[in-house]
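Peer 1: Starting off with a structure, shown below.
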Amino acid sequence: MDANDNNANEPPPRSAEGFGGSPPVGGLADGRADGPANASLLNNSADPPLSGGSAGSSPIPAPAPRRAGLAALSPRYQVAAVLALALITVTACVHVGMLFLHVAPSNTMTKQHGQVIDDWVYPEFEQNWKLFAPNPMQQNIAVQARAEIRTESGTTRTTAWYDLSARDGAAIDGNPLPSHTQQNELRRAWDFYVAAHDTQNRPRGLRGQLAERYVRRIVMMRLDREEPVGRGATIERVQVRSRTTNVPAPEWSDEKIATKPVLRQLPWWSVTPDDMPLGKAQGSRGDAR
């Protein structure tokens, strides 16, 4: 037998280019694997798992998404939050409905439930739409006040009339950002008082009494700034009046308007601790004890 025939059954020698002429997967130039890792790659032709990890290991589960908002709360707090949101929504709807009925023209609902609407709106949520009325108010109203003061020696004196509205007007004049108190506190309080009293200054129910206390408190605070009493002196009584003057008609109008001032003078009020500012009222109650 020829020597070439014996060599024909032997596998071809390894070359530097690897098996079958392809480049080596890894390791040395003679094609030998340089460790268990390369042996594993040679022996396993399957692709590695997509979920990560080494071959043959179980896939790592993805983390659960984090909950946000109400879903992150426990069931008990979820129920409480839902009830709170429902209560706020219902209250807001009722409030908007009450304000709508308050400013709307007279209708069946306002005739049947007018008292309920007024109790809800007054005095905190009162709405005044005179700016959009067909015939807005065309009057200048000045609220004035004076006080009767008892001095430490026991004598009594009466102050001059203080034009409280003029003081507010002077504070607003030239001020680009006047405060809400300067613009509306005294004016709205007097409007409230006039609407809640008859021509004899008798209050109409609970609203009239509330308006009277409101005016007294404001007047006492203003008088305390205008006429601060000395040590041992007290304000015994207060009197308030208003001076209403119609705005003259423009020159191009044929409307005839009386411009003579109209006075409305209230009787003297005896001052009580409830009429004073909060700090002085507490001090008066302490002295009384």
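Residue by residue, here is whether (1) in contact with a Cys (Cβ under 9 Å, 6 or more places away or on another chain); (2) closer than 18 Å to SER270 by Cα; (3) modelled with pLDDT under 90 holds:
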residue	(1), (2), (3)
ALA142	no, no, no
THR159	no, yes, no
SER179	no, no, yes
GLN183	no, no, yes
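Peer 1: Can you report the number of residues in the stretch 219-256 which are free of Cβ contacts under 8 Å to residues at least 40 places away in the same chain and open to solvent by less than 50 Å² (accessible area, probe 1.4 Å)?
Peer 2: Selection size over the stretch 219-256: 2.
Peer 1: Consider ALA211 carefully, then state whether it is open to solvent by less than 40 Å² (accessible area, probe 1.4 Å), at pLDDT 90 or above and touching a Gly at 6+ places or on another chain (Cβ under 9 Å).
Peer 2: It is false that ALA211 is open to solvent by less than 40 Å² (accessible area, probe 1.4 Å), at pLDDT 90 or above and touching a Gly at 6+ places or on another chain (Cβ under 9 Å).
Peer 1: Go through the stretch 170-208 and count every residue that is over 30 Å from ALA233 (Cα atoms), touching a strand residue (DSSP E or B) at 6+ places or on another chain (Cβ under 9 Å), in a helix (DSSP H, G or I) and open to solvent by 40 Å² or more (accessible area, probe 1.4 Å).
Peer 2: 1
Peer 1: For the stretch 163-202, which positions are hydroxyl-bearing (Ser, Thr, Tyr) and under 17 Å from ARG217 (Cα atoms)?
Peer 2: Result: SER165, THR181, TYR193.
Peer 1: Which of the residues belonging to the stretch 90-107 are open to solvent by less than 90 Å² (accessible area, probe 1.4 Å) and among the β-branched types (Val, Ile, Thr)?
Peer 2: Of everything in the stretch 90-107, those that are open to solvent by less than 90 Å² (accessible area, probe 1.4 Å) and among the β-branched types (Val, Ile, Thr) turn out to be VAL90, THR91, VAL94, VAL103.
Peer 1: Taking GLU152 as the residue in question, decide whether it is open to solvent by 70 Å² or more (accessible area, probe 1.4 Å), closer than 26 Å to ILE235 by Cα and not in a strand (DSSP E or B).
Peer 2: So GLU152 fits the description; yes.
Peer 1: Another one. Which pairs do you get when a residue that is touching a residue at least 40 places away in the same chain (Cβ under 8 Å), found in the stretch 181-198, comes within reach of a residue that is open to solvent by 30 Å² or more (accessible area, probe 1.4 Å) and not in a helix (DSSP H, G or I), reach meaning Cβ atoms under 7 angstrom, with the pair 6+ apart or on two chains?
Peer 2: Cβ pairs passing all conditions: TRP190/ILE141; PHE192/PRO123.
The values are calculated or read from the model by the stated rules, or taken from the named source; none is laboratory data. In this text the structure is predicted, and so the values were computed from the model without any measurement. Neighbour counts run over all protein chains shown; Cβ positions are idealised from the backbone, glycine included. Protein only, heavy atoms only, side chains kept; ligands, DNA and RNA dropped before computing areas. Shrake-Rupley method; radii C 1.70, N 1.55, O 1.52, S 1.80 Å.
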